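This report concerns only the one structure given below.
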Amino acid sequence: MNVQDDLQQRWWNLEAQLVERFGKKPDLDAILYLIGMQEMQLFDEKISKETKQDLMHVAVCTILSASGYYTLEHTDTEGWPHFRQLKPLPELNLREQEDFLKDHILLYFQEQQFI
């Protein structure tokens, strides 16, 4: 089994757990949105498109912090975290970018003891 196969299998396992929990299979953006909601403890039913994008940004910065790409700089008066980029992201093609994010998402869920 190569590394790609292992990543795919772990990703399918995560998707299966999320389907069990939420009743439908989320795509990558939906998973980032869930992470952002979890990080912000923001579970309102009506969230604007702009806020959804902000939550996904929080998710990306949070998951990439584990590898030293971002660090939390401060939290503003409304409770939103502000991150500082510490090093450039690797130059990857679209497929590699997706796998890069998936690997970090899996690490996040592992650290949260979800998987």
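Between LEU72 and LEU42, what is the spin-label point distance in nm, taking each point 7 Å from the Cα along the Cα→C-beta axis? Between LEU72 and LEU42, the simple spin-label model gives 1.5 nm. The alpha-carbon atoms of segment 3-111 define a convex hull whose volume equals 120 cubic angstrom per residue.
Between the amide H of PHE83 and those of GLU73, distances stay under 5 Å, these residues lying 5 or more places away or on another chain, with hydrogens modeled in the peptide plane.
Couplings 3J(HN,Hα) for segment 48-58, derived from phi with the Karplus relation 6.51 cos²θ - 1.76 cosθ + 1.60 (θ = phi - 60°), are 5, 4, 5, 5, 4, 5, 4, 5, 5, 5, 4 Hz, where x marks Gly and Pro. Evaluated with a Cβ-only charge set (Lys, Arg +1; Asp, Glu -1), segment 3-111 carries a dipole of roughly 100 debye about its Cα centre, given to the nearest 20. Label positions at ARG84 and ASP5, each projected 7 Å from the Cα along the C-beta direction, are separated by 4.4 nm.
Give me the net charge for the shell around LEU72: Cβ to Cβ below 12 angstrom, other residues only, Lys and Arg +1, Asp and Glu -1. Write down the numbers at each step before the final one.
Working: positive: ARG84; negative: GLU39, GLU73, ASP76.
Charge balance in the 12 Å sphere: -2.
Taking segment 6-52, how much of its Cα-Cα pair set, in percent, is spaced more than 14 angstrom apart? Cα-Cα pairs of segment 6-52 separated by over 14 Å account for 58 percent. Summary value for segment 3-111: 23 percent relative contact order, contacts being C-alpha pairs under 8 angstrom separated by 6+ residues.
Which order, highest average first, do 30-40, 10-20 follow once you tally other Cβ atoms within 10 Å for each residue and take the mean per peptide? Don't jump to the answer; show the numbers that get you there.
Working: 30-40: 19.4, 10-20: 14.1.
Result, highest mean Cβ count within 10 Å first: 30-40, 10-20.
Since only VAL60, ASN93, LEU34 are under comparison, the one whose Cα sits farthest along the positive direction of the charge dipole of the chain, derived from C-beta charges on Lys, Arg, Asp and Glu, is LEU34.
Each reported figure results from applying straightforward, stated rules to the coordinates on display, with no laboratory input. As the structure is a computational prediction, the values presented were derived from the model and not from experiment. Cβ coordinates were reconstructed from backbone atoms using ideal geometry, including for glycine residues, and neighbour counts include every protein chain displayed.
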